[in-house]
Amino acid sequence: MKILVINAGSSSLKYQLIDMETEQLMAKGLCERIGIDGHLKHSPLVGGKPVFDEDISLPTHSEAIAAVIDKLTSPEYGVVASMKEIDAVGHRVVHGGEKFACSVLINDEVMAALEECTPFAPLHNPANITGINACKAVMGDVPMVAVFDTAFHQTMPGKAFMYAIPYDYYKNDGVRRYGFHGTSHRYVSSRCAELMGKPIEELKIISCHMGNGSSIAAINGGKCVDTSMGFTPLVGLPMGTRCGDLDNGVVQFLMNKYGYSIDEMLNILNKKSGVLGISGVSSDFRDLDKAAAEGNERAALALDMFHYWVAKVAGSYVAAMNGVDAIVFTAGVGENSKETRAAICEYFGYLGVKVDEAANSKRGEDVMISTPDSPVKVFVIPTNEELVIARDTRDIVG
Ligand code: AMP
């Protein structure tokens, strides 16, 4: 069974074709600047075919999907003989609200429910829906599955997902903590249990997804019991450009003082804050590491804040779960920055965590970076959201 995994954004579309017999990645690529002009980078990963990397006209997502299928099946760049070899499509969908606690086969009813979830993710869900419709238009009735970023967090109890605002805003309007990066937290926590050789039902795991966007999840017995992102991905840790937790009074104060509209204010909190806002240097942790090493105090402060917040939120989850067996680092920063991991682990002395420096220097593989005598194990596990989407699609369609 071959599954196409699609992650559609408003002007971009990432894809992977995975052979589920071996879970081997056959091809991957990215359509960019959809609706503007268009660019496709397609990388075949089997058969020794060349990479295609050119500007092409992509007026809508339908042309983008058509271009992807064309490249996947072309004699020069292709990895399959025809579209018929693609058995199913798995779509990443950002928000499934309270309706979707697991992945689902897409039908008309599901499409209507996705539309209902759109107010919760007004930037992301419409793009995901456009991607699904484009696939339908180009690929006909090939079965398609929706896999939600929010679904894994639906096991959170009320005490973790409720906001202390009038209850009617939850009951009537669905205002609550939903959490994001669920597919990543699910993948790394289950992989962590495999690496520990224990059933996930017996483990308390704290999963730290640290990329451009960052979130932490508390996973008790395989079920998410709390997570740091909320109604939107804006809260929790300070991120690349997002502010993380912030007193709402600051919003009113700044809007009054500078006459910002709510859109201008949210643009500042989403795009100009986080480690970029603190450092004034960059949202990229590589740039911050370099600047801090050169003596830039604001870059050093931004990094210090990030480490502190990860440790603080993770510590609150140790309390919430009454213990922890393993802590996992994943995503761009978590997988690549040994300095960040080491700095965060400094805070975990109270848990008896000791970092094995040689293990912490490894890259690109699943690795335990705590010493064997650490009572709490620490892992780096490269995330693989596409594989989770492909597995769910196989399980539902198969
Ligand atoms: P992601 O959102 O998971 O793709 O992560 C992207 C982020 O990972 C980038 O913005 C960088 O800040 C960070 N990153 C990637 N490579 C490294 C590295 N070698 N050291 C530190 N940070 C890195």
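Between the helical axis of 108-117 and the dominant principal axis of the chain, each derived from Cα atoms, what acute angle in degrees is found, rounded to the nearest 10?
In the chain, helix 108-117 runs at an angle near 30 degrees to the longest axis.
Under a 1.4 angstrom probe, counting protein chains only, how are 203, 105, 351 ranked by accessible area, largest first?
105, 351, 203
Please list 139-150, 48-59, 372-383 highest first by mean number of surrounding beta-carbon atoms within 10 Å per residue.
Numbers: 139-150: 20.9, 48-59: 13.2, 372-383: 18.9.
Order by mean packing, descending: 139-150, 372-383, 48-59.
How about the range 199-286: which GluC sites (Glu not before Pro) there are in a DSSP loop, with at most 10 other Cβ atoms within 10 Å of their Cβ?
none
Specify the residue with the greatest mean-square fluctuation among 300, 151, 164, computed from a Gaussian network of the chain linking alpha-carbon atoms under 10 Å apart.
Judging by the Gaussian network model, the answer is 164.
Just the number please: accessible area per residue for the chain, 1.4 Å probe, all protein chains included, in Å².
Computed with neighbouring chains in place, this is 45 Å² per residue.
I'd like the GluC sites (Glu not before Pro) in the range 318-374 restricted to DSSP loop residues with at most 14 other Cβ atoms within 10 Å, sorted by number.
Taking the range 318-374 and a limit of 14 other Cβ atoms within 10 Å, the loop GluC sites (Glu not before Pro) found are 365.
For the range 343-398 and the range 238-276, compute the distance between their C-alpha centroids and round to whole Å.
32
Once every DSSP H run of n ≥ 4 in the chain is given -39500 (n - 2.57) and the sum is divided by its residues, what mean residue ellipticity at 222 nm do you get, rounded to the nearest 500 deg cm²/dmol?
Calculated mean residue ellipticity at 222 nm is -11500 deg cm²/dmol.
Please calculate the 1.4 Å probe accessible area of residue 308, with all protein chains present, and give it to the nearest 10 Å².
Approximately 110 Å² of residue 308 is accessible to the 1.4 Å probe.
For the chain, with a Gaussian network of springs between Cα atoms less than 10 Å apart, report the residue from 37, 247, 108 with the top mean-square fluctuation.
247
Any chance you could give the angle, 0 to 90 degrees and rounded to 10, that helix 182-196 forms with the longest Cα principal axis of the chain?
Once rounded, one gets 70 degrees.
Residue by residue through the range 328-338, which ³J(HN,Hα) values in whole Hz follow from phi under the Karplus form 6.51 cos²θ - 1.76 cosθ + 1.60 (θ = phi - 60°), with glycine and proline marked x?
With the stated coefficients, the range 328-338 comes to 10, 9, 8, 6, x, 6, x, 7, 10, 9, 5 Hz.
The values are calculated or read from the model by the stated rules, or taken from the named source; none is laboratory data. This one's a predicted model, so the numbers in the text were calculated from it and none came from an experiment. Backbone-built Cβ (ideal geometry, glycine too); neighbour counts: all protein chains shown. Remember, those area values only see protein heavy atoms, side chains included, never the ligands or the DNA or RNA. Shrake-Rupley method; radii C 1.70, N 1.55, O 1.52, S 1.80 Å.
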